[in-house]
Amino acid sequence: MSSSSKRPRASKTAETAPAVTLSHAEHMQLLQSREQGKTVMYKQDAWGHIETRFVRSQNVKLWEAKGYLVR
């Protein structure tokens, strides 16, 4: 058999991301600020799972074409 043509990989260094801890109230406030001014749309699959999307108002027709409903 021929030898492998792949290059050996150098080991990656582990990066430590600073963990930001938020209180529950701060987390909920962040979520609400992101959803501000957006339209809530949802789609239910055959198993009864509901997928929710927060969509910009100009994209509502596009998401309706994908089968989502406006809440």
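In a DSSP loop and with at most 14 other Cβ atoms within 10 Å, the trypsin sites (Lys or Arg not before Pro) in the range 1-52 are Lys6, Arg9, Lys12, Lys38. Seen from Trp63, the other residues with C-beta closer than 9 Å to its C-beta sum to a net charge of +3, counting Lys and Arg as +1 and Asp and Glu as -1. Shown in residue order for the range 25-32 are the 3J(HN,Hα) couplings computed by the Karplus curve 6.51 cos²θ - 1.76 cosθ + 1.60 at θ = phi - 60°: 5, 5, 5, 5, 5, 4, 4, 5 Hz (x for Gly and Pro). Placing dummy labels 7 Å off each Cα toward the beta-carbon, the span from Thr16 to Thr52 is 3.6 nm.
The relative contact order of the chain, computed from alpha carbon pairs under 8 Å that lie at least 6 residues apart in sequence, is 25 percent.
The alpha-carbon of Lys61 sits under 24 angstrom from the alpha-carbons of these lysines, leaving out residues fewer than 8 places away in its chain: Lys38, Lys43. Against the set (i) 11.7; (ii) 5.6; (iii) 6.3, the structure's computed mean projected area of the Cα convex hull in nm² falls on (i).
Loop only by DSSP, 14 or fewer other Cβ within 10 Å of the Cβ. Give me the GluC sites (Glu not before Pro) in the range 11-71 that pass, ordered by residue number. Hits after loop and neighbour filter: Glu15.
Every number here is computed from the coordinates shown, using simple stated rules; none is lab data. Please read these numbers as outputs of a predicted model, since none were measured by experiment. With ideal geometry, Cβ positions are generated from the backbone for all residues, glycine too; neighbour counts draw on all protein chains shown.
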